Amino acid sequence: MRALTWHGKRDVRVDTHPDPRIEEPTDAIISVTSSGVCGSDLHLYEVLSPFLDEGDILGHEPMGVVEEVGSEVTNLQPGDRVVIPFNISCGHCHPCSTGLQSQCDTTRTDGMGAALFGYTKLYGQVPGGQAEFLRVPQAQYGPIKVPQGPPDDRFVYLSDVLPTAWQGVRYADVHAGDTLVVLGLGPIGDMSCRVAQLEETRVIGVDLVPERLERARRRGVEVIDSSREDVVERVMELTGGRGADAVIDAVGMEAHGAPVGKLAQTLAGLLPDAVAAKVQEQAGIDRLSALHLAVELARRGGTISLLGVYGGNADPMPMLTMFDKQLQVRMGQANVRRWTDDILPLLLDDEDRLGVDEFATHRVALDDAPDAYAAFQEKRDGTVKVLIQP
Ligand SMILES: NC(=O)c1ccc[n+]([C@@H]2O[C@H](COP(=O)([O-])OP(=O)(O)OC[C@H]3O[C@@H](n4cnc5c(N)ncnc54)[C@H](O)[C@@H]3O)[C@@H](O)[C@H]2O)c1
Ligand SMILES: [Zn+2]
Ligand SMILES: [Zn+2]
(Lines give C-alpha, C1' and ligand atoms only; values in the text may rest on other atoms or scores of the structure.)
(Ligands and ions follow the chains in the order given, each with its own letter.)
Protein backbone atom coordinates (compact mmCIF):
# COMPACT_ATOMS: atom_id res chain seq x y z
CA MET A 1 0.00 0.00 0.00
CA ARG A 2 0.94 3.67 -0.30
CA ALA A 3 1.39 5.73 2.87
CA LEU A 4 2.62 9.14 4.02
CA THR A 5 6.01 8.36 5.50
CA TRP A 6 8.32 10.41 7.71
CA HIS A 7 11.91 10.70 6.44
CA GLY A 8 13.29 13.58 8.45
CA LYS A 9 12.59 17.06 9.64
CA ARG A 10 10.13 18.70 7.20
CA ASP A 11 10.58 15.71 4.88
CA VAL A 12 7.55 13.45 4.40
CA ARG A 13 7.02 11.32 1.29
CA VAL A 14 4.51 8.85 -0.06
CA ASP A 15 6.15 5.41 -0.05
CA THR A 16 5.09 1.83 -0.64
CA HIS A 17 4.74 -0.37 2.48
CA PRO A 18 3.48 -3.93 2.98
CA ASP A 19 -0.32 -4.06 3.41
CA PRO A 20 -1.21 -4.35 7.11
CA ARG A 21 -2.57 -7.71 8.33
CA ILE A 22 -4.59 -8.85 11.31
CA GLU A 23 -2.04 -9.57 14.07
CA GLU A 24 -4.28 -9.88 17.14
CA PRO A 25 -7.82 -11.25 17.43
CA THR A 26 -8.92 -7.75 18.49
CA ASP A 27 -7.60 -6.09 15.29
CA ALA A 28 -9.50 -4.83 12.28
CA ILE A 29 -8.18 -3.68 8.91
CA ILE A 30 -9.83 -0.70 7.28
CA SER A 31 -9.39 0.87 3.87
CA VAL A 32 -9.02 4.57 4.49
CA THR A 33 -11.31 6.98 2.65
CA SER A 34 -10.37 10.23 4.45
CA SER A 35 -7.61 11.16 6.87
CA GLY A 36 -7.08 14.55 8.49
CA VAL A 37 -3.81 16.42 8.88
CA CYS A 38 -3.59 17.85 12.41
CA GLY A 39 -1.64 20.55 14.21
CA SER A 40 -0.21 17.64 16.21
CA ASP A 41 1.30 16.29 12.97
CA LEU A 42 3.14 19.59 12.63
CA HIS A 43 4.96 18.92 15.92
CA LEU A 44 6.19 15.63 14.37
CA TYR A 45 7.05 17.38 11.14
CA GLU A 46 9.57 19.53 12.96
CA VAL A 47 10.07 19.88 16.71
CA LEU A 48 9.47 16.29 17.86
CA SER A 49 11.63 14.75 15.15
CA PRO A 50 14.07 13.12 17.66
CA PHE A 51 11.22 10.77 18.61
CA LEU A 52 10.56 9.54 15.06
CA ASP A 53 12.29 6.93 12.95
CA GLU A 54 12.65 7.16 9.22
CA GLY A 55 9.85 5.04 7.77
CA ASP A 56 7.20 5.89 10.39
CA ILE A 57 3.73 6.25 8.87
CA LEU A 58 1.92 9.38 10.12
CA GLY A 59 -1.74 10.19 10.60
CA HIS A 60 -4.23 9.80 13.42
CA GLU A 61 -7.52 11.15 12.06
CA PRO A 62 -8.75 8.42 9.69
CA MET A 63 -12.07 7.03 8.65
CA GLY A 64 -12.92 4.34 6.15
CA VAL A 65 -14.51 1.00 5.46
CA VAL A 66 -13.92 -2.22 7.41
CA GLU A 67 -12.16 -4.81 5.25
CA GLU A 68 -11.45 -7.58 7.73
CA VAL A 69 -11.89 -8.24 11.46
CA GLY A 70 -10.13 -10.48 13.99
CA SER A 71 -12.00 -13.31 15.73
CA GLU A 72 -12.78 -11.26 18.86
CA VAL A 73 -14.24 -8.29 16.99
CA THR A 74 -17.95 -9.02 17.00
CA ASN A 75 -19.28 -5.46 16.78
CA LEU A 76 -17.99 -4.79 13.25
CA GLN A 77 -18.39 -6.41 9.86
CA PRO A 78 -16.65 -5.95 6.53
CA GLY A 79 -18.36 -3.06 4.73
CA ASP A 80 -19.14 -1.05 7.90
CA ARG A 81 -18.30 2.63 7.71
CA VAL A 82 -16.15 3.66 10.69
CA VAL A 83 -14.24 6.60 12.18
CA ILE A 84 -11.12 5.67 14.14
CA PRO A 85 -10.34 7.58 17.38
CA PHE A 86 -6.76 8.87 17.53
CA ASN A 87 -6.16 7.23 20.89
CA ILE A 88 -6.19 3.45 21.04
CA SER A 89 -8.24 2.32 24.00
CA CYS A 90 -9.59 -1.02 25.19
CA GLY A 91 -12.88 0.07 26.77
CA HIS A 92 -12.58 -2.22 29.81
CA CYS A 93 -9.57 -1.17 31.94
CA HIS A 94 -9.99 1.18 34.92
CA PRO A 95 -9.19 4.44 33.10
CA CYS A 96 -11.37 3.49 30.10
CA SER A 97 -14.31 2.61 32.33
CA THR A 98 -14.05 6.00 34.04
CA GLY A 99 -14.01 7.98 30.78
CA LEU A 100 -10.24 8.45 30.61
CA GLN A 101 -9.65 6.60 27.37
CA SER A 102 -6.50 8.61 26.66
CA GLN A 103 -4.96 6.94 29.73
CA CYS A 104 -5.90 3.35 28.72
CA ASP A 105 -3.86 0.90 30.82
CA THR A 106 -4.02 -1.79 28.15
CA THR A 107 -2.27 0.24 25.43
CA ARG A 108 -0.01 2.53 27.52
CA THR A 109 3.74 2.22 26.97
CA ASP A 110 6.80 3.41 28.92
CA GLY A 111 5.10 5.60 31.47
CA MET A 112 3.10 7.53 28.85
CA GLY A 113 -0.64 7.60 28.12
CA ALA A 114 -2.63 5.44 25.71
CA ALA A 115 -1.00 4.47 22.42
CA LEU A 116 -1.81 6.82 19.55
CA PHE A 117 -1.91 6.18 15.83
CA GLY A 118 1.03 7.68 13.95
CA TYR A 119 2.57 9.31 16.98
CA THR A 120 6.18 8.22 17.45
CA LYS A 121 7.99 6.10 20.00
CA LEU A 122 6.49 8.29 22.72
CA TYR A 123 3.09 6.70 22.06
CA GLY A 124 3.71 3.12 20.99
CA GLN A 125 4.99 3.75 17.45
CA VAL A 126 1.76 2.48 15.90
CA PRO A 127 1.60 2.96 12.10
CA GLY A 128 -0.75 5.83 11.25
CA GLY A 129 -3.74 6.39 9.03
CA GLN A 130 -2.53 8.73 6.27
CA ALA A 131 -2.36 5.59 4.18
CA GLU A 132 -4.49 3.40 1.95
CA PHE A 133 -5.00 0.80 4.70
CA LEU A 134 -4.76 0.80 8.49
CA ARG A 135 -4.51 -1.90 11.13
CA VAL A 136 -6.77 -0.87 14.01
CA PRO A 137 -5.86 -2.48 17.38
CA GLN A 138 -8.60 -2.77 20.05
CA ALA A 139 -11.22 -2.73 17.28
CA GLN A 140 -13.69 -4.47 19.59
CA TYR A 141 -14.09 -1.02 21.22
CA GLY A 142 -12.50 1.94 19.39
CA PRO A 143 -14.09 2.34 15.95
CA ILE A 144 -17.19 4.54 15.80
CA LYS A 145 -19.77 3.17 13.38
CA VAL A 146 -21.40 5.89 11.27
CA PRO A 147 -24.23 5.62 8.74
CA GLN A 148 -23.76 5.37 4.97
CA GLY A 149 -24.90 8.39 2.99
CA PRO A 150 -23.46 11.79 3.98
CA PRO A 151 -19.92 12.65 2.78
CA ASP A 152 -16.90 11.77 4.93
CA ASP A 153 -16.64 15.41 6.01
CA ARG A 154 -19.70 14.92 8.17
CA PHE A 155 -18.05 12.30 10.39
CA VAL A 156 -14.27 12.33 9.99
CA TYR A 157 -13.70 14.94 12.73
CA LEU A 158 -15.03 12.48 15.33
CA SER A 159 -11.52 10.99 15.30
CA ASP A 160 -9.95 14.04 16.94
CA VAL A 161 -11.06 17.62 16.19
CA LEU A 162 -14.60 17.29 17.56
CA PRO A 163 -13.96 15.33 20.78
CA THR A 164 -10.87 17.46 21.47
CA ALA A 165 -12.80 20.71 21.09
CA TRP A 166 -15.71 19.21 23.05
CA GLN A 167 -13.45 18.17 25.93
CA GLY A 168 -11.76 21.59 25.82
CA VAL A 169 -15.09 23.32 26.29
CA ARG A 170 -16.30 20.88 28.97
CA TYR A 171 -13.01 21.36 30.86
CA ALA A 172 -13.35 25.15 30.47
CA ASP A 173 -16.59 24.74 32.42
CA VAL A 174 -18.33 27.67 30.73
CA HIS A 175 -22.01 28.45 31.12
CA ALA A 176 -24.45 30.64 29.22
CA GLY A 177 -23.37 34.27 29.55
CA ASP A 178 -19.74 33.47 30.41
CA THR A 179 -16.87 34.83 28.37
CA LEU A 180 -14.47 32.32 26.87
CA VAL A 181 -11.21 33.31 25.17
CA VAL A 182 -9.84 30.81 22.65
CA LEU A 183 -6.14 31.22 21.87
CA GLY A 184 -5.29 29.88 18.41
CA LEU A 185 -7.83 29.53 15.61
CA GLY A 186 -6.42 26.52 13.81
CA PRO A 187 -8.80 23.57 13.39
CA ILE A 188 -8.87 22.87 17.12
CA GLY A 189 -9.41 26.45 18.28
CA ASP A 190 -11.94 27.12 15.53
CA MET A 191 -13.97 24.05 16.46
CA SER A 192 -13.72 24.92 20.17
CA CYS A 193 -15.35 28.27 19.37
CA ARG A 194 -18.17 26.48 17.53
CA VAL A 195 -18.78 24.05 20.38
CA ALA A 196 -18.78 26.85 22.95
CA GLN A 197 -21.30 28.81 20.89
CA LEU A 198 -23.77 25.93 21.33
CA GLU A 199 -23.84 26.91 25.03
CA GLU A 200 -24.53 30.58 24.27
CA THR A 201 -21.16 31.47 25.62
CA ARG A 202 -19.58 34.73 24.49
CA VAL A 203 -16.50 33.67 22.50
CA ILE A 204 -13.42 35.77 21.79
CA GLY A 205 -10.86 34.20 19.43
CA VAL A 206 -7.19 35.17 19.16
CA ASP A 207 -4.76 34.38 16.33
CA LEU A 208 -2.44 36.22 13.97
CA VAL A 209 -3.32 34.63 10.63
CA PRO A 210 -5.81 36.87 8.77
CA GLU A 211 -7.81 34.06 7.06
CA ARG A 212 -8.18 32.19 10.32
CA LEU A 213 -9.42 35.29 12.12
CA GLU A 214 -11.86 36.00 9.30
CA ARG A 215 -13.17 32.41 9.31
CA ALA A 216 -14.02 32.67 13.00
CA ARG A 217 -15.42 36.18 12.67
CA ARG A 218 -17.85 35.03 9.98
CA ARG A 219 -19.32 32.61 12.52
CA GLY A 220 -19.96 35.25 15.14
CA VAL A 221 -16.72 35.04 17.14
CA GLU A 222 -15.27 38.36 18.33
CA VAL A 223 -11.68 38.23 17.13
CA ILE A 224 -8.40 39.80 18.23
CA ASP A 225 -5.38 39.88 15.93
CA SER A 226 -2.47 39.35 18.31
CA SER A 227 0.01 40.67 15.74
CA ARG A 228 -1.69 44.08 15.79
CA GLU A 229 -3.42 44.47 19.14
CA ASP A 230 -2.47 44.10 22.78
CA VAL A 231 -4.49 41.00 23.64
CA VAL A 232 -4.53 41.54 27.43
CA GLU A 233 -5.67 45.13 27.04
CA ARG A 234 -8.43 44.19 24.56
CA VAL A 235 -9.76 41.32 26.67
CA MET A 236 -9.81 43.49 29.79
CA GLU A 237 -11.70 46.15 27.85
CA LEU A 238 -14.22 43.58 26.60
CA THR A 239 -14.79 42.10 30.06
CA GLY A 240 -15.06 45.27 32.13
CA GLY A 241 -11.55 44.78 33.51
CA ARG A 242 -12.30 41.39 35.03
CA GLY A 243 -10.75 38.97 32.55
CA ALA A 244 -12.19 35.88 30.90
CA ASP A 245 -14.16 33.27 32.84
CA ALA A 246 -12.20 30.66 30.94
CA VAL A 247 -9.38 30.47 28.42
CA ILE A 248 -8.74 27.60 26.03
CA ASP A 249 -5.15 27.30 24.83
CA ALA A 250 -5.37 25.72 21.37
CA VAL A 251 -1.85 26.72 20.38
CA GLY A 252 0.72 24.46 22.03
CA MET A 253 4.48 24.13 21.94
CA GLU A 254 5.18 26.10 18.78
CA ALA A 255 3.57 29.39 19.76
CA HIS A 256 4.65 32.61 18.09
CA GLY A 257 6.33 35.24 20.21
CA ALA A 258 8.55 33.01 22.38
CA PRO A 259 12.19 33.69 21.50
CA VAL A 260 13.68 31.61 24.34
CA GLY A 261 11.60 28.53 23.55
CA LYS A 262 12.35 28.92 19.87
CA LEU A 263 16.07 29.02 20.59
CA ALA A 264 15.78 25.90 22.81
CA GLN A 265 13.90 24.04 20.07
CA THR A 266 16.48 25.07 17.50
CA LEU A 267 19.38 23.97 19.72
CA ALA A 268 17.71 20.64 20.52
CA GLY A 269 17.32 20.15 16.77
CA LEU A 270 21.09 20.34 16.35
CA LEU A 271 21.80 17.48 18.76
CA PRO A 272 21.98 13.79 17.81
CA ASP A 273 18.48 12.25 18.09
CA ALA A 274 19.10 10.12 21.19
CA VAL A 275 20.48 13.10 23.11
CA ALA A 276 17.88 15.53 21.77
CA ALA A 277 15.05 13.20 22.80
CA LYS A 278 16.35 13.18 26.40
CA VAL A 279 16.85 16.94 26.41
CA GLN A 280 13.34 17.50 25.10
CA GLU A 281 11.79 15.16 27.67
CA GLN A 282 13.68 16.63 30.60
CA ALA A 283 14.17 20.28 29.79
CA GLY A 284 11.77 23.09 29.11
CA ILE A 285 11.75 23.32 25.34
CA ASP A 286 8.26 24.65 24.80
CA ARG A 287 7.40 28.08 23.55
CA LEU A 288 5.11 29.10 26.36
CA SER A 289 3.79 32.45 25.18
CA ALA A 290 0.22 31.23 24.63
CA LEU A 291 0.07 29.48 27.99
CA HIS A 292 1.49 32.49 29.83
CA LEU A 293 -1.01 34.69 28.01
CA ALA A 294 -3.83 32.38 29.18
CA VAL A 295 -2.70 32.90 32.80
CA GLU A 296 -2.90 36.66 32.31
CA LEU A 297 -6.26 36.61 30.54
CA ALA A 298 -8.16 34.38 32.97
CA ARG A 299 -10.11 36.20 35.66
CA ARG A 300 -9.41 35.46 39.34
CA GLY A 301 -10.87 32.02 40.04
CA GLY A 302 -11.15 31.39 36.29
CA THR A 303 -10.30 28.24 34.36
CA ILE A 304 -7.62 27.40 31.83
CA SER A 305 -8.37 24.49 29.55
CA LEU A 306 -5.23 23.36 27.84
CA LEU A 307 -5.63 21.55 24.52
CA GLY A 308 -2.37 22.55 22.86
CA VAL A 309 0.32 19.92 23.24
CA TYR A 310 3.42 20.75 25.32
CA GLY A 311 6.47 18.54 25.68
CA GLY A 312 9.02 19.72 28.24
CA ASN A 313 9.20 18.63 31.88
CA ALA A 314 10.94 21.71 33.21
CA ASP A 315 8.94 24.48 31.60
CA PRO A 316 8.89 27.50 33.91
CA MET A 317 5.35 28.41 34.93
CA PRO A 318 4.27 31.58 36.80
CA MET A 319 3.23 29.73 39.95
CA LEU A 320 2.88 32.88 42.08
CA THR A 321 0.30 34.36 39.72
CA MET A 322 -1.46 31.04 39.13
CA PHE A 323 -1.79 30.38 42.86
CA ASP A 324 -2.69 33.90 43.78
CA LYS A 325 -5.36 34.14 41.08
CA GLN A 326 -6.74 30.78 42.22
CA LEU A 327 -6.79 29.42 38.68
CA GLN A 328 -8.15 26.02 37.76
CA VAL A 329 -6.10 24.28 35.08
CA ARG A 330 -7.28 21.19 33.20
CA MET A 331 -5.51 19.51 30.32
CA GLY A 332 -4.71 16.35 28.43
CA GLN A 333 -5.24 14.38 25.25
CA ALA A 334 -8.90 14.09 24.37
CA ASN A 335 -10.70 11.01 25.67
CA VAL A 336 -12.27 10.48 22.27
CA ARG A 337 -14.80 7.74 23.07
CA ARG A 338 -15.89 9.62 26.22
CA TRP A 339 -17.56 12.27 24.03
CA THR A 340 -18.45 10.78 20.65
CA ASP A 341 -21.94 9.55 21.64
CA ASP A 342 -22.75 13.09 22.82
CA ILE A 343 -21.53 14.62 19.55
CA LEU A 344 -22.95 12.19 16.98
CA PRO A 345 -26.58 13.42 17.15
CA LEU A 346 -25.41 16.91 16.13
CA LEU A 347 -23.79 15.40 13.03
CA LEU A 348 -26.86 13.40 12.07
CA ASP A 349 -28.94 16.57 12.13
CA ASP A 350 -29.09 18.25 8.68
CA GLU A 351 -28.81 21.68 10.27
CA ASP A 352 -25.02 21.04 10.67
CA ARG A 353 -24.73 23.49 13.57
CA LEU A 354 -21.00 22.87 13.87
CA GLY A 355 -20.39 23.56 10.18
CA VAL A 356 -18.47 20.33 9.56
CA ASP A 357 -19.55 20.06 5.93
CA GLU A 358 -17.60 23.22 5.08
CA PHE A 359 -14.83 22.81 7.69
CA ALA A 360 -12.09 21.41 5.41
CA THR A 361 -10.29 24.03 3.35
CA HIS A 362 -8.34 21.51 1.25
CA ARG A 363 -8.93 17.94 0.04
CA VAL A 364 -5.90 16.27 -1.49
CA ALA A 365 -4.90 12.92 -2.97
CA LEU A 366 -2.31 10.95 -0.98
CA ASP A 367 0.39 11.84 -3.52
CA ASP A 368 -0.17 15.54 -2.85
CA ALA A 369 -0.04 15.19 0.94
CA PRO A 370 3.64 16.24 1.29
CA ASP A 371 2.86 19.62 -0.33
CA ALA A 372 -0.22 19.98 1.86
CA TYR A 373 1.92 19.46 5.01
CA ALA A 374 4.22 22.28 3.92
CA ALA A 375 1.30 24.62 3.14
CA PHE A 376 -0.35 23.83 6.48
CA GLN A 377 2.85 24.44 8.42
CA GLU A 378 3.48 27.73 6.65
CA LYS A 379 -0.24 28.62 6.92
CA ARG A 380 -0.27 29.58 3.26
CA ASP A 381 -2.99 29.29 0.60
CA GLY A 382 -5.64 29.68 3.30
CA THR A 383 -4.86 26.18 4.59
CA VAL A 384 -6.69 25.44 7.82
CA LYS A 385 -7.89 21.85 7.59
CA VAL A 386 -6.58 19.35 5.08
CA LEU A 387 -8.27 16.02 4.40
CA ILE A 388 -6.20 13.43 2.59
CA GLN A 389 -8.36 11.15 0.44
CA PRO A 390 -6.33 8.06 -0.45
N1 LIG B 1 -5.36 17.66 23.50
C2 LIG B 1 -5.58 16.94 22.40
O3 LIG B 1 -6.12 15.84 22.45
C4 LIG B 1 -5.22 17.52 21.07
C5 LIG B 1 -5.81 17.00 19.91
C6 LIG B 1 -5.51 17.62 18.70
C7 LIG B 1 -4.63 18.69 18.64
N8 LIG B 1 -4.07 19.13 19.80
C9 LIG B 1 -3.15 20.29 19.81
O10 LIG B 1 -3.90 21.47 19.66
C11 LIG B 1 -3.04 22.49 19.10
C12 LIG B 1 -3.76 23.15 17.94
O13 LIG B 1 -3.98 22.22 16.87
P14 LIG B 1 -4.43 22.74 15.43
O15 LIG B 1 -4.66 21.53 14.57
O16 LIG B 1 -5.51 23.73 15.57
O17 LIG B 1 -3.03 23.42 14.98
P18 LIG B 1 -2.58 24.74 14.22
O19 LIG B 1 -1.11 24.74 14.28
O20 LIG B 1 -3.25 24.82 12.89
O21 LIG B 1 -3.17 25.94 15.12
C22 LIG B 1 -2.44 26.69 16.02
C23 LIG B 1 -2.86 28.16 15.82
O24 LIG B 1 -2.29 28.96 16.87
C25 LIG B 1 -1.92 30.22 16.32
N26 LIG B 1 -0.92 30.82 17.21
C27 LIG B 1 0.41 30.61 17.28
N28 LIG B 1 0.95 31.35 18.27
C29 LIG B 1 -0.05 32.03 18.86
C30 LIG B 1 -0.12 32.94 19.95
N31 LIG B 1 0.99 33.26 20.63
N32 LIG B 1 -1.34 33.44 20.28
C33 LIG B 1 -2.46 33.10 19.60
N34 LIG B 1 -2.46 32.23 18.55
C35 LIG B 1 -1.27 31.70 18.19
C36 LIG B 1 -1.38 29.85 14.93
O37 LIG B 1 -1.36 30.97 14.06
C38 LIG B 1 -2.38 28.77 14.51
O39 LIG B 1 -3.47 29.31 13.78
C40 LIG B 1 -1.74 21.78 18.72
O41 LIG B 1 -0.80 21.97 19.75
C42 LIG B 1 -2.15 20.33 18.67
O43 LIG B 1 -1.07 19.46 18.91
C44 LIG B 1 -4.36 18.57 21.00
ZN1 LIG C 1 -5.22 15.36 15.41
ZN1 LIG D 1 -8.40 0.74 28.41
(request) With respect to VAL66, determine if the residue is part of a strand (DSSP E or B) and either more than 26 Å from THR361 (Cα to Cα) or within 16 Å of ligand 3 (Cβ to nearest atom) (or both). (result) yes
(request) Give the residue that is farthest from LEU344 (Cα to Cα), with candidates limited to residues of the stretch 115-156 that are in contact with a strand residue (DSSP E or B) (Cβ under 7 Å, 6 or more places away or on another chain) and within 13 Å of ligand 2 (Cβ to nearest atom). (result) TYR123
(request) Answer yes if at least one residue in the stretch 300-320 is touching a residue at least 24 places away in the same chain (Cβ under 8 Å) and in contact with a Pro (Cβ under 8 Å, 6 or more places away or on another chain), and no otherwise. (result) no
(request) Would you please name the residue that is farthest from VAL73 (Cα to Cα), looking only at residues in the stretch 157-186 that are of a type in the set (Asp, Glu) and either at pLDDT below 95 or away from ligand 2 (no atom under 15 Å from the Cβ) (or both)? (result) ASP178
(message) Consider the stretch 15-42. How many of its residues are closer than 29 Å to GLY189 by Cα and either in contact with a Lys or Arg (Cβ under 6 Å, 6 or more places away or on another chain) or not aliphatic (A, V, I, L, M) (or both)?
(response) 8
(message) Looking for something more than 15 Å from the chain's Cα centre (by Cα) and without any contact (Cβ under 8 Å) to a residue 12 or more places away in the chain - is there at least one such residue anywhere in the stretch 330-342?
(response) yes
(request) Could you please let me know if GLY142 is out of contact with any Pro (no Cβ under 7 Å at 6 or more places or on another chain), within 16 Å of ligand 3 (Cβ to nearest atom) and either of a type in the set (Lys, Arg) or in a loop (DSSP other than H, G, I, E, B) (or both)? (result) no
(request) Residues being out of contact with any strand residue (DSSP E or B) (no Cβ under 9 Å at 6 or more places or on another chain) and either near ligand 3 (Cβ under 6 Å from one of its atoms) or in a loop (DSSP other than H, G, I, E, B) (or both): count how many of those fall in the stretch 85-94. (result) 5
(message) From the list PRO78, PRO20, PRO85, PRO62, exactly one residue is on the phi < 0 side of the Ramachandran plot, exposed (fewer than 14 other Cβ atoms within 10 Å of the Cβ) and either touching a residue at least 12 places away in the same chain (Cβ under 8 Å) or more than 22 Å from the chain's Cα centre (by Cα) (or both). Which is it?
(response) PRO78
(request) Return yes when PHE133 is in contact (Cβ under 8 Å) with a residue 40 or more places away in the chain, more than 20 Å from the chain's Cα centre (by Cα) and in the same structural domain as GLU378 (by TED's automatic domain parsing) and no when it is not. (result) yes
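The values are calculated or read from the model by the stated rules, or taken from the named source; none is laboratory data. Not measured: the values here are computed from a predicted model. Methodologically, a virtual Cβ is constructed for each residue, glycine included, from the backbone with ideal geometry; neighbour enumeration extends over all protein chains shown.
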